[in-house]
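Please read the structure below before turning to the comments.
The values are calculated or read from the model by the stated rules, or taken from the named source; none is laboratory data. The structure presented is a predicted model; accordingly, all values stated were derived computationally and were not measured. Heads up, the Cβs are rebuilt from the backbone with ideal geometry, glycines too, and the neighbour counts pull from every protein chain shown. The area values use the complete protein model at the heavy-atom level, side chains included, leaving out ligands, DNA and RNA. Shrake-Rupley method; radii C 1.70, N 1.55, O 1.52, S 1.80 Å.
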Amino acid sequence: MLNEEKIKLMTGIAMFEKKEGKKIFPLNRYFKSDYISSHLMAAFFGYTFCCCLAAVLWGLYHLEELLSSLQMEMLLDLGKHFALLYFAGLLLYLLLVFFVYRRRYAYARGGMRVYVAKLRRLEKRYMQQNREREITKEGIRHDRSSGI
């Protein structure tokens, strides 16, 4: 016997899993701080790598100019400017990554609450149906034992 309400609930759950599952289920394995810090670490290493590549490319492009006027003061000023730009950019990038992944985690937690609520609703429906079956079986047993 098909129950239309249960079918609708199961279909809704399956559609939710397919649509939102890739976004919310992997985050369920992490605490908020672990999830955000792992992405901050990856962002730090990625940003540092890109800055090093950019510095090497800039150095290669201006190599002739640097070698022709090789002065220690100029190199120290250049290093200070690079360090200042690196740390300012790193700070901005890490703040951006922090807010983005904090928001993604909050979205996934909300989605997980919706998913669990749908599962609980389906479970209640199954429990209600099982109770109804038990009641009807008990009623049939009493009717049979009375000789009807």
*Rg/Rh for segment 1-80: what does it come to with C-alpha atoms and Rh from Kirkwood?*
1.49
*Calculate I(q)/I(0) for the chain by the Debye formula, one identical point scatterer on each C-alpha and no solvent, and give its log10 at q = 0.09, 0.12, 0.14, 0.15 Å⁻¹ to two decimals.*
-0.59, -0.76, -0.86, -0.91
*By the scheme Lys and Arg +1, Asp and Glu -1, what is the net charge of all other residues having a beta-carbon under 12 Å from that of A117?*
+4
*asked:* With a 1.4 Å probe and all protein chains left in place, how much accessible area per residue does the chain have, in Å²?
replied: 83 Å²
_Spatial separation of Cα centroids for segment 32-47 and segment 96-113, in angstrom_ = 14 Å
*Starting from the Cα of A55, step 7 Å toward the Cβ, then list every residue of segment 78-117 with an amide N under 16 Å from that point.*
78-91
*So, with a 1.4 angstrom probe, what is the percent of accessible area on the chain that is carbon and sulfur?*
65 percent
